[in-house]
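**Q** The following block contains the structure, expressed as structure tokens.
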Amino acid sequence: MEPLDTPAPMDPLQPDQPSPADRAAGSGAQAGQAAQAAQAGPDPEAGVILAPRPWVPLGVVALGLACLLLLPLWGGAVWLALAVGLFGLLLLLQSQLLRLQFTADALLVWSRQSLLRRFPYDAWLGWRLFWGPLPVLFYFREQRSIHLLPVLFDATTLRQQLRQHLSALP
């Protein structure tokens with residue numbers, strides 16, 4: 001007995017992804033261009049790529065080290081310091097691996113040479129950078145989901161690009 005060849009279900013968090021039927025019906029040239037773009041990595045000519053900034057991850061690592069000052073008062077401070085420090089190191093790694101790119105119609109999230117997610121601007125409902133002079137959190141909401149990200153990139157350029165591409169949003 002042969003297994004049924006059924007298409008994989010679409011991820012509801014990626015609404016701009018074509019269905020399997022659309023992919024089969026699409027032109028070969030468009031599919032080839034999309035595959036080539038996804039394999040080539042971020043193209044600086046397609047839009048602004050934000051530079052990585054390690055300040056938030058390094059601040060989290062420093063906070064983990066500062067937790068050791070609680071050791072005379074609380075025996076669990078070592079575990080707290082370890083957890084916070086490891087989280088900071090994970091953020092530091094992500095700041096070096098991930099890239100945000102603002103194109104004409106979407107925010108793209110890249111991991112080295114692979115396109116991870118595409119967030120079309122027309123699906124956004126709002127955005128905000130928290131803690132003005134020292135932004136550490138980036139919040140944005142789409143029609144189907146909410147995102148809260150640490151600011152691992154140049155916050156000034158991030159704010160400029162958000163205002164340029166999403167100026168009509170609250």
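**Q** Please give me, ordered by residue number, the chymotrypsin sites (Phe, Trp or Tyr not before Pro) of the stretch 82-170 that lie in loop per DSSP and have at most 13 other Cβ atoms within 10 Å. It would help to have the intermediate numbers written out before the result.
**A** Numbers: sites: Phe87, Phe102, Trp110, Tyr121, Trp124, Trp127, Phe130, Trp131, Phe138, Tyr139, Phe140, Phe153; in loops: Trp131.
Answer in residue order: Trp131.
**Q** Let me ask you something else. Rounded to whole Å and sorted largest first, what semi-axes of the equivalent ellipsoid does the C-alpha gyration tensor of the stretch 47-170 yield via the square root of 5 times each eigenvalue?
**A** They are 32, 15, 13 Å, listed largest first.
**Q** If R0 is 22 Å, what FRET efficiency do you get for Leu90 and Arg144 from their C-beta distance, rounded to 0.05?
**A** The calculated FRET efficiency here is 0.25.
**Q** What list of ³J(HN,Hα) values in whole Hz, one per residue of the stretch 157-164 in order, does the Karplus curve 6.51 cos²θ - 1.76 cosθ + 1.60 (θ = phi - 60°) give from phi, with Gly and Pro shown as x?
**A** Running phi through 6.51 cos²θ - 1.76 cosθ + 1.60 with θ = phi - 60° gives 5, 4, 5, 4, 5, 5, 5, 5 Hz.
**Q** Compute the Cα gyration tensor for the stretch 76-138, then decide on rounded, prolate or oblate, letting a ≥ b ≥ c be the square roots of its eigenvalues: rounded whenever a/c is under 1.5, prolate when a/b is larger than b/c in the other cases, and oblate in all that remain.
**A** Details: a/c = 3.13, a/b = 1.70, b/c = 1.84.
Oblate is the answer for the stretch 76-138, as a/c is 1.5 or above yet b/c matches or exceeds a/b.
**Q** To continue, here is another question. Tell me which residues come under 5 Å, amide H to amide H, from Val136 once H is placed; ignore anything under 5 positions away on its chain.
**A** Distant-sequence amide H within range of Val136: Phe130.
**Q** Largest first, what is the accessible-area ranking of Thr103, Thr156 with a 1.4 Å probe?
**A** The residues order as Thr156, Thr103, largest area first.
**Q** Quick one: which residues, 5 or more positions from Glu142 or on another chain, have an amide H under 5 Å from its amide H? H modelled 1.01 Å from N in the peptide plane, none for Pro or chain starts.
**A** Under 5 Å from the amide H of Glu142: Leu125, His147.
The values are calculated or read from the model by the stated rules, or taken from the named source; none is laboratory data. Every value quoted in this text rests on a predicted model; they were computed, and no experiment measured them. Positions of Cβ are backbone-derived with ideal geometry, glycine not excepted, and every protein chain shown enters the neighbour counts. Just the protein is used for accessible areas: all its heavy atoms, side chains included, with ligands, DNA and RNA removed. Shrake-Rupley method; radii C 1.70, N 1.55, O 1.52, S 1.80 Å.
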